[in-house]
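The values are calculated or read from the model by the stated rules, or taken from the named source; none is laboratory data. In this text the structure is predicted, and so the values were computed from the model without any measurement. As a convention, Cβ positions derive from the backbone with ideal geometry for all residues, glycine included, and neighbour counts pool all protein chains shown.
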Amino acid sequence: MQPDATLISRVLADAGIAVSVEDQRVVGPVFRVPASDAPSALRALKESSHSYSFLVDLFGVDTGEAIDVVYHLRSYVFDEEVHLKVEHGYGSTLASVWELYPAALMPERECAEMFGLSLSGHPNPKRLLSTDAVPPLLLKSTLIRTAEEVRNR
Amino acid sequence: MTLLVGILRVLAALGLMLANGVVLIYMLRKVLGRLHLRLGPTELGPAGMFQTTADVLKLLTKEDPTPTHVDKVLYFIAPAIVFVPSLAAYAALPFSSTWTIANLDLGLLYTFAILSLVPLGVVAAGWSSFNKWSLIGAMRAVASQVSYEVPMLLAALPPVMIAGSLNMGDIARAQDGFVWFWLPCLPAFLLFIMAGLIEVNQTPFDMSEADSELVAGYATEYSSMKFGLLFLAEFSNTFIFAALLVTLFLGGWNLPLIPDEILFGIGAPVIFLIKTYLVIFVFMWIRGTLPRVRIDQLLAFGWKVLLPLSLAWVMVTAVGVKLWPVLLGGVR
Amino acid sequence: MSDPRSIVSHAGWLTTEPPAEPVTLPASLKRAPSGVNELMTEHLVVNMGPQHPSTHGVLRVLLELDGEEVITGEAVVGYLHRGIEKLAEHRRYNAVGTLMDRGDYVTGIMNELAFALAAEKVAEIEVPRRADWLRVLLSELNRLASHLVWYGTMGLDAGAMGQFLYAVRDRENLLDILEDVTGQRMMFNYVRPGGVVNDITRTAEVKIHRFLKTIDRYLDEHDELLGGNEIFQGRMRGVGVISKEMAVAFGLTGANLRASGLSFDVRRDRPYSAYEEMKFDIPVAEEGDCYARYLVRMAEMRQSVRIIRQCIDGLPEGDFTAKVPKILRPPAGEAYAAVESARGELGVYLVSDGTENPYRMRYRPPALFALQAGEALLPGVMLADAVVILGSLDFVLGEIDR
């Protein structure tokens, strides 16, 4: 289930990528790579002997300082899962990895629209779920009316 | 006097068609209801009998919006082009040896000729609607018509050859005292059923209005009584086709072992209608059960199976009809 | 030669070389008569949906048709977007289940369970054994109900109508049971972090026993009615083939993945709740076509019945919920929990910052990935096949749009 953190770090380091490992309490090791290296890191993981060929999920988290884009990968060969985090500044560009993982096509569009990122290298970089002029919903700075506010209106 | 009789006959055909439509729609709802573990209409009248009448009234009184961009002339004529042939086709049906609206010597040919106009109306409806689904439905109607019409005519030939007449009354009469034609023409009988299912747009072959693919096919843009006419024509076609099947293969108004004289009068048309409705029931049964074939499967089936088989059976029947008197030692 | 395409034979005729790239005419020339295209044929762009009888919700597929053949298809989603992920950031942990129900509205219990598992992981709550068993029992009942909906609509997509109402008959019994236990037919709000809301009722147990008496016969009936039908098989066999590689590349999970020959089931490979204690098989098919997906789901329904039998027979005594504070404040951390919902792996990635609301809740919709694969299968199939392929992948738009 949880991968060998040193092994994954070595695979990434061999590909010339600066990687840092955060040990999460529940999820286990989470690997953080710079935004510019994300596609090459994914390629290294996919082509490594562990063959992380399955993209479980791709989503963003607004940490308050930046947007963490999480790539959740799985290897059906070794039955392991890897979480890869990439930090993106607000309004920056998300490089598409759909050629490595076609599964990323729609999640990338969703992630970009929900966090106000722009997409590069995507064959269909339209918004997925909402229409134009809807603010990036999942940013913490986008406020919605809470139930209490509606009630006390 | 002849003019008056003529008008009365046309009115009789119209009345028969409308009554049939109402009865068949009710029957379809009830039969499908039974097949689908539900009740069908129950509220209006005993056992929901007047539900269809109410629906007809609703269709008549509904607002009839015309979509923009339609080809107005064709859009308005198309339901009539579909409706009129299926009304006219009632003319040659033999309800008994004396009851027929027009006793035509070429009755069978006339019926087929007039029914082949129906897809023309379907195409007109689909083309003029300015709707892509309608257009695809219309194109499918053409494609399936081309592939089923020939086998259907060929499948109707063996009974004609045995009876030696194109008059439908004569064909039914020829089965009196003789075995009904479905047995000597069994392959033609089955081929005719299949081709007929395609003709009446029934579920395994309801190409031109495949609801899960084309929304409602050629009828998508129609509403109120224009839709009602398309709908009615469909049911009337079902009735005509079932009546043809009964006449050609199932002995017309005859019953086995009972000679024609006893059936004379009111009994014969009733038997004819009962048989027709039984055939329609089987169609509805098929409709409630089977999934739909794909259009290319249908076309391949039409050209590769139906057509050669029906041609082959025509030849077999031709030889059989020639040999039959020889075998019986010249009795016939 | 302006258009070097072969007129008589197609490009792959009598050659093993890959076919040459088709020549695409510029848009301005499309209507101009050329030597080959004398009929001046045009492609037809149609909108399948958002209001179309067979799009399973509010899906719009933009189809480019050449006659009956699909050239390209693009799925346009978002008509049901309610911002569940955003709303979850403003709800307490106990209330998020309500939102999860409205994701994939056919498999509410499993959605709630995914969130509850993630919350329990991050808050480190131990769930009583009886609660685990109840969760499994209700999950399987719900899976059966969901597969029955799929079975019914699959037939509708193929043009048959009868089996839908037969499927609904059985689903009605299931919803009856679920209503008895949870108080709701679809939006259950039953599984909470720490356990379940209330114990199973006596009447529900009776109903389950009654249901189990008939379901085997009914499943045989379903199999005969649709699966044994030659027309149906003709529509399904060899249509929409997803290879194992494609299934992995497009992130397919659940029955869609198993129909392509990869045996991965969250219930067995990442066991949660009481699935470790259950005996069940994982049906797998190799072909990867629509019929394989049909067979896998039908076999799964029988396995669900098997699990329900084990659950109702061996339901352990004990509490149905752990002692959980009314306002749950899990320590900061991140957790990923997945359940095998009826559509595949439904995951919840939960980020907690120590407050009473989740900081971020990511709902991994298995149907979204299935839709992508369906979109990729569309080019080159017939229009009627497109409907069947999309139907066989079994997606629910409420989940895709969230």
What pairs come up if the first residue lies in region A:1-18 and is free of Cβ contacts under 8 Å to residues at least 24 places away in the same chain, the second is part of a loop (DSSP other than H, G, I, E, B) and surrounded by 13 or more Cβ atoms within 10 Å (Cβ to Cβ), and their beta carbons are under 7 Å apart, counting only those six or more places apart or on different chains? A:Ser9/A:Val19; A:Ala13/A:Val19; A:Ala18/A:Pro34
Output the residue which, of all residues in region A:46-61 that are facing chain C (nearest Cβ under 7 Å) and out of contact with any His (no Cβ under 6 Å at 6 or more places or on another chain), is farthest from A:Leu138 (Cα to Cα). A:Ser53
Considering region B:208-230, residues that are among the small types (Gly, Ala, Ser) and within 14 Å of chain C (Cβ to nearest Cβ), and then whichever is farthest from B:Ser129 (Cα to Cα), we arrive at B:Ser212
Can you find, within region C:266-289, the residue that is nearest to C:Ile400 (Cα to Cα) among those that are touching a residue at least 60 places away in the same chain (Cβ under 8 Å) and within 12 Å of another protein chain (Cβ to nearest Cβ)? C:Val266
Just checking, which of C:Arg82, C:Arg135, C:Arg130 is more than 14 Å from chain B (Cβ to nearest Cβ), touching a residue at least 12 places away in the same chain (Cβ under 8 Å), in contact with a Phe, Trp or Tyr (Cβ under 8 Å, 6 or more places away or on another chain) and not polar (S, T, N, Q)? C:Arg130
If C:Ala160 satisfies every condition in (1) surrounded by fewer than 24 Cβ atoms within 10 Å (Cβ to Cβ); (2) not in a helix (DSSP H, G or I) but one, which is the exception? (1)
Filtering region C:209-250 down to residues that are over 21 Å from C:Val387 (Cα atoms) and within 14 Å of chain A (Cβ to nearest Cβ) yields C:Lys244, C:Glu245, C:Val248, C:Ala249
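Quick one: in region B:112-132, of everything that is assigned to a helix (DSSP H, G or I), within 14 Å of chain C (Cβ to nearest Cβ) and surrounded by fewer than 24 Cβ atoms within 10 Å (Cβ to Cβ), which residue is nearest to the chain's Cα centre (by Cα)?
Residues of region B:112-132 that are assigned to a helix (DSSP H, G or I), as a first pass: B:112-115, B:118-128, B:132.
Filter once more, so that each one left must be within 14 Å of chain C (Cβ to nearest Cβ): B:126-127, B:132.
Checking the rest, the ones that are also surrounded by fewer than 24 Cβ atoms within 10 Å (Cβ to Cβ) come to B:127, B:132.
Values: B:Trp127: 24, B:Lys132: 27 Å.
Within region B:112-132, the match that is nearest to the chain's Cα centre (by Cα) is B:Trp127.
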Looking at (1) more than 14 Å from chain A (Cβ to nearest Cβ); (2) not in a helix (DSSP H, G or I), which is the only condition C:Thr72 fails? (1)
Which one of the conditions (1) more than 14 Å from chain A (Cβ to nearest Cβ); (2) more than 17 Å from C:Glu140 (Cβ to Cβ); (3) free of Cβ contacts under 8 Å to residues at least 60 places away in the same chain; (4) among the aliphatic types (A, V, I, L, M) does C:Leu262 fail to meet, given that it meets all the rest? (1)
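When region C:201-236 is examined, which residues are found to be assigned to a loop (DSSP other than H, G, I, E, B), without any contact (Cβ under 8 Å) to a residue 60 or more places away in the chain and of a type outside the set (Gly, Ala, Ser)? Don't jump to the end; show me each part of the working.
Taking region C:201-236 first, the residues assigned to a loop (DSSP other than H, G, I, E, B) are C:201, C:228-229.
In the following step, the residues that additionally are without any contact (Cβ under 8 Å) to a residue 60 or more places away in the chain were identified as C:201, C:228.
The one that is assigned to a loop (DSSP other than H, G, I, E, B), without any contact (Cβ under 8 Å) to a residue 60 or more places away in the chain and of a type outside the set (Gly, Ala, Ser): C:Thr201.
Only residues that are in a helix (DSSP H, G or I) and either in contact with a strand residue (DSSP E or B) (Cβ under 9 Å, 6 or more places away or on another chain) or crowded, with 23+ Cβ neighbours inside 10 Å (or both): list them for region C:179-195, please. Before you say what the answer is, go through the steps one by one.
Filtering region C:179-195 for residues in a helix (DSSP H, G or I) gives C:179-182.
The answer is C:Val181, C:Thr182.
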In region B:298-326, which residue that is aliphatic (A, V, I, L, M) and either in contact with a Gly (Cβ under 6 Å, 6 or more places away or on another chain) or within 14 Å of chain C (Cβ to nearest Cβ) (or both) is farthest from B:Asp206 (Cα to Cα)? B:Val305
Name the residues in region A:130-141 that are more than 8 Å from chain C (Cβ to nearest Cβ) and surrounded by 15 or more Cβ atoms within 10 Å (Cβ to Cβ), would you? A:Val134, A:Pro136, A:Leu139
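Identify, please: which residue in region B:204-230 is assigned to a helix (DSSP H, G or I) and of a type in the set (S, T, N, Q) and is, among those, nearest to B:Met284 (Cα to Cα)?
Of the residues in region B:204-230, the ones assigned to a helix (DSSP H, G or I) are B:204-205, B:211-214, B:217-219, B:224-230.
Add one more test, that the residue is of a type in the set (S, T, N, Q), and what stays is B:212, B:224.
Working: B:Ser212: 18, B:Ser224: 25 Å.
Ranking the qualifying residues of region B:204-230, first place goes to B:Ser212.
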Condition met for C:Asp319 (surrounded by fewer than 24 Cβ atoms within 10 Å (Cβ to Cβ), among the charged types (D, E, K, R) and within 11 Å of another protein chain (Cβ to nearest Cβ)): no
Could you list, in sequence order, the residues of region C:380-395 that are more than 17 Å from B:Ser212 (Cα to Cα) and at pLDDT 85 or above? none
Against the conditions (1) within 25 Å of C:Asp265 (Cβ to Cβ); (2) assigned to a loop (DSSP other than H, G, I, E, B), where does C:Asn198 fall short? Just the number, please. (1)
Go through (1) part of a loop (DSSP other than H, G, I, E, B); (2) modelled with pLDDT of 85 or more; (3) among the β-branched types (Val, Ile, Thr) for C:Thr55 and report which single condition fails. (2)
Mind telling me which of the residues A:Arg145, A:Arg127 ends up being out of contact with any Gly (no Cβ under 8 Å at 6 or more places or on another chain), surrounded by fewer than 19 Cβ atoms within 10 Å (Cβ to Cβ), farther than 29 Å from A:Pro29 by Cβ and of a type in the set (D, E, K, R)? A:Arg145
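Please find, among C:Gly261, C:Gly251, the residue that is outside any helix (DSSP H, G or I), at pLDDT 85 or above and touching a strand residue (DSSP E or B) at 6+ places or on another chain (Cβ under 6 Å).
Working: C:Gly261 fails: touching a strand residue (DSSP E or B) at 6+ places or on another chain (Cβ under 6 Å).
When all the criteria are applied, what remains is C:Gly251.
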Out of C:Val76, C:Val45, C:Val70, sole residue that is under 29 Å from A:Leu139 (Cα atoms) and of a type in the set (A, V, I, L, M): C:Val76
Tell me whether region C:240-247 contains one or more residues that are closer than 30 Å to B:Gln297 by Cα, outside any helix (DSSP H, G or I), within 23 Å of the chain's Cα centre (by Cα) and basic (Lys, Arg). no
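May I ask you to verify whether A:Val33 is crowded, with 18+ Cβ neighbours inside 10 Å and within 14 Å of another protein chain (Cβ to nearest Cβ)? I'd like the intermediate steps shown before the answer.
Working: crowded, with 18+ Cβ neighbours inside 10 Å: yes; within 14 Å of another protein chain (Cβ to nearest Cβ): no.
It is false that A:Val33 is crowded, with 18+ Cβ neighbours inside 10 Å and within 14 Å of another protein chain (Cβ to nearest Cβ).
Considering only residues that are part of a helix (DSSP H, G or I) and within 7 Å of chain C (Cβ to nearest Cβ), which ones fall in region B:283-297?
Quick first cut of region B:283-297, residues part of a helix (DSSP H, G or I) only: B:283-289, B:295-297.
Result: B:Gly288, B:Thr289, B:Ile295, B:Asp296, B:Gln297.
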Spot the failing condition for A:Arg151; the list is (1) more than 11 Å from chain C (Cβ to nearest Cβ); (2) in contact with a Pro (Cβ under 9 Å, 6 or more places away or on another chain), and only one is missed. (2)
Kindly indicate which of C:Arg258, C:Arg235 is basic (Lys, Arg) and within 15 Å of C:Met298 (Cβ to Cβ). C:Arg258
